[in-house]
Amino acid sequence: MSTSSISSIRGMADYLPEACEILEQVETAIRDVTDIYGYRQIRTPIVEKTDLFSRSIGEATDIVEKEMYTFQDRNGDCLTLRPEATASCVRAGIQHGLLHNQTNRLWYLGPMFRYERPQKGRYRQFHQFGIEAFGWTGPDIDAEIISLGTRLWEVLGLEETNLEINYLGSGSSRLNYLKNLKKFLKSRSAELDDYSQNRLETNPLRVLDSKNVTTQKVLEDAPEILDYLDVTERRHFDKLLKYLELTSINYQVNTRLVRGLDYYTGAVYEWKSNYLGAQNAFCGGGRYDDLVAQLGGSDLPATGFACGMERLVDLYNQTKSIKKRSGDIYVVMLGTAAENVGYPLAETLRRANISTICNCGGGDIKKQLRRAGNSNMLIAIIIGEEEAANGQLTVKPLRSGDQQLTVAQNEIINVLRLQLERETSFFR
Ligand code: ATP
Ligand code: MG
């Protein structure tokens, strides 16, 4: 049998404790903000039937054509690790009867899988936090969701998040636009990159998303989708922009903004940040009014966004609001008499919500104090034979440099609470 070490799969990261602590801070902010806005959590399986994604995301998209982790299970069923969660939310909503003439404000958070070329901000297993709202047609709900996002960036202390917004239109206005876009792209096809020449026939809207510089240049002359909206669509878009202005949310209309999935039917938007490098969009969404019916449900309007957690955490790491987390107490025990006091004391502290580590593995006082210093605890409690016999404890502050104190066992909690507050301010 081989004894060589096994590494993780390319593009799939481990989150070590320090990274988990930061992730947790972001997740806490998400829980708080979604709660304040009245959204409720939904969790769906990470594996679904492949059809769910090919029918919703669209056959002629990068995701379905080449990015899905698809396999047959032992029963021969064709399954896929979810590349996104909107389709799953719709599936679950239909299956459990949530989407019958009802309204729902939902959020989710979890891992997604796409077989992409791994690079900064782009992984094969990544995480998305997302919002889905079902049952409202008007721009009021889109504005609400955008304001929820904006509030979250604010809570996390993110700077310079730029909101770009566009309106895709559906039905005849979309068809009419696509016809003209295709005509234009064909007339300039020689100047387009290979990928765009390919997409021109199957999914011309995707060409607008090309990162190729020469294609970008050609697109400057392309027809603009906003000129093709019908009266209702135009009114929707204007109303949405009005709502944003009402709540002082800055935005920029970007007439070439499209999204990577086919199901969008109205307003679409993306938040970008200059602090992210090449993968500069960290959250995107919009309206997808046809998806519920398309997946076998009733004719129910829907809208939402998905936010990449890795990119969000990257931005959060660059802010000043990031907090390093410390624990509280390290218990140094020297001998059996000390352990007889120390172990019950540790339980008392933990019950009082003071986080406590007891020294493990023995050692003399020097060794135990070195371990205490290397831990992320703020205070050491030292129990020697003398302390054990006298009903006393030695409290040694580890960060502030304050003098150590001798404290009676029955006063320990009050003393610790005061000293912990002081130590926290010295913890880097
Ligand atoms: P991109 O243009 O960067 O490929 P996308 O349009 O494919 O993004 P969506 O499918 O709309 O993205 O997903 C929403 C968000 O999820 C993105 O804004 C991004 O933050 C994140 N995301 C998408 N794919 C990945 C990935 N492979 N790795 C990390 N985050 C991702
Ligand atoms: Mg993508």
- For the stretch 45-73, pairs from a residue that is closer than 18 Å to S88 by Cα and touching a residue at least 12 places away in the same chain (Cβ under 8 Å) to a residue that is away from ligand 1 (no atom under 15 Å from the Cβ) and open to solvent by 50 Å² or more (accessible area, probe 1.4 Å), with Cβ under 6 Å and 6 or more apart or across chains, are T50/T70; T50/C78; L52/R91
- Note on the structure: A careful count of residues in the stretch 31-63 that are open to solvent by less than 30 Å² (accessible area, probe 1.4 Å) and within 16 Å of ligand 2 (Cβ to nearest atom) gives 7
- Within the stretch 113-129, of all residues that are over 19 Å from N280 (Cβ atoms) and not in a loop (DSSP other than H, G, I, E, B), the one nearest to ligand 2 (Cβ to nearest atom) is F113
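Among what's in the stretch 90-123 and is within 16 Å of ligand 1 (Cβ to nearest atom) and charged (D, E, K, R), pick the residue that is most open to solvent (accessible area, probe 1.4 Å).
At the first step, the residues of the stretch 90-123 found to be within 16 Å of ligand 1 (Cβ to nearest atom) are 90, 107-123.
Checking which are charged (D, E, K, R) leaves us with 114, 116-117, 120, 122.
Numbers: R114: 39, E116: 29, R117: 154, K120: 118, R122: 60 Å².
Within the stretch 90-123, the match that is most open to solvent (accessible area, probe 1.4 Å) is R117.
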- Only residues that are touching a Lys or Arg at 6+ places or on another chain (Cβ under 8 Å) and either under 16 Å from L163 (Cα atoms) or open to solvent by 30 Å² or more (accessible area, probe 1.4 Å) (or both): list them for the stretch 249-265, please. V258
- Considering K272, K324, K320, K239, which residue is among the basic types (K, R) and in contact with a Pro (Cβ under 6 Å, 6 or more places away or on another chain)? K239
- Between residues in the stretch 12-38 that are free of Cβ contacts under 8 Å to residues at least 40 places away in the same chain and outside any helix (DSSP H, G or I) and residues that are open to solvent by 30 Å² or more (accessible area, probe 1.4 Å) and among the hydroxyl-bearing types (S, T, Y), which pairs lie under 9 Å by C-beta distance while being six or more apart or on different chains? D14/S8
- Message: I'd like to know if the stretch 233-250 contains one or more residues that are within 21 Å of Q216 (Cβ to Cβ), touching a Leu at 6+ places or on another chain (Cβ under 8 Å) and in a helix (DSSP H, G or I).
- Response: no
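With the stretch 178-225 as the region, which helices (runs of 4 or more DSSP H) entirely inside it contain at least 1 residues that are farther than 17 Å from A60 by Cβ?
Working: elements: 194-202, 204-207, 213-219.
In the stretch 178-225, 213-219 are the helices (runs of 4 or more DSSP H) which contain 1 or more residues that are farther than 17 Å from A60 by Cβ.
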- Task: List the number of the failed condition for A133; all other conditions in (1) away from ligand 1 (no atom under 16 Å from the Cβ); (2) open to solvent by 20 Å² or more (accessible area, probe 1.4 Å); (3) in contact (Cβ under 8 Å) with a residue 24 or more places away in the chain; (4) in contact with a strand residue (DSSP E or B) (Cβ under 7 Å, 6 or more places away or on another chain) hold.
- Result: (2)
- Query: Do you know which residues across the stretch 156-189 are within 30 Å of K323 (Cβ to Cβ) and of a type in the set (S, T, N, Q)?
  - Reply: T161, N162
- Go over the candidates R43, R10 one by one and state the one that is more than 30 Å from E154 (Cα to Cα), under 21 Å from the mean Cα position of the chain (by Cα) and of a type in the set (K, R). R10
- Note on the structure: Log entry, pairs with first residue in the stretch 310-332 being among the hydroxyl-bearing types (S, T, Y), second being open to solvent by 40 Å² or more (accessible area, probe 1.4 Å) and modelled with pLDDT of 90 or more, beta carbons closer than 6 Å, six or more apart or on different chains, reads S326/N376; Y330/I357
- Message: Cβ contacts < 7 Å: first residue closer than 15 Å to Y343 by Cβ, restricted to the stretch 359-370; second residue modelled with pLDDT of 95 or more and part of a helix (DSSP H, G or I), any location; separation 6+ or different chain. Result?
- Response: N359/Q368; N359/R371
- Message: Among the residues in the stretch 68-84, are any open to solvent by 40 Å² or more (accessible area, probe 1.4 Å) and within 15 Å of ligand 1 (Cβ to nearest atom)?
- Response: yes
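When the stretch 143-171 is examined, which residues are found to be outside any strand (DSSP E or B) and within 16 Å of R235 (Cβ to Cβ)?
First, pick out the residues of the stretch 143-171 that are outside any strand (DSSP E or B): 143-161, 168-171.
Within the stretch 143-171, A143, L168, G169, S170, G171 meet the criteria.
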- Quick one: what pairs do we get from the stretch 258-278, first residue among the β-branched types (V, I, T), second within 14 Å of ligand 2 (Cβ to nearest atom) and in a helix (DSSP H, G or I), C-beta under 8 Å, 6+ apart or different chains? V258/R206
- Item | Which numbered condition E310 fails, given (1) outside any loop (DSSP other than H, G, I, E, B); (2) open to solvent by 10 Å² or more (accessible area, probe 1.4 Å); (3) within 19 Å of A87 (Cα to Cα) | (3)
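With the requirement that a residue be among the charged types (D, E, K, R) and either part of a helix (DSSP H, G or I) or open to solvent by less than 50 Å² (accessible area, probe 1.4 Å) (or both), what does the stretch 313-372 give you? Explain how you work it out, then say what you get.
Filtering the stretch 313-372 down to residues among the charged types (D, E, K, R) leaves 314, 320, 323-325, 328, 339, 347, 350-351, 364, 366-367, 370-371.
Those that are among the charged types (D, E, K, R) and either part of a helix (DSSP H, G or I) or open to solvent by less than 50 Å² (accessible area, probe 1.4 Å) (or both): D314, D328, E339, E347, R350, R351, K366, K367, R370, R371.
Just name the residue that is least open to solvent (accessible area, probe 1.4 Å) out of those in the stretch 386-417 that are of a type in the set (G, A, S) and assigned to a helix (DSSP H, G or I).
In the first step, residues of the stretch 386-417 are kept if they are of a type in the set (G, A, S); the result is 388-389, 391, 400-401, 408.
Okay, now just the ones that are also assigned to a helix (DSSP H, G or I), so 388-389.
Values: A388: 24, A389: 85 Å².
Per the criteria, the residue is A388.
The values are calculated or read from the model by the stated rules, or taken from the named source; none is laboratory data. Owing to the predicted nature of the structure, the values given are computational and were not obtained by experimental measurement. We place every Cβ from the backbone using ideal geometry, glycine too, and count neighbours over all the protein chains shown. Side chains included, ligands, DNA and RNA excluded: accessible areas come from the protein's heavy atoms. Shrake-Rupley method; radii C 1.70, N 1.55, O 1.52, S 1.80 Å.
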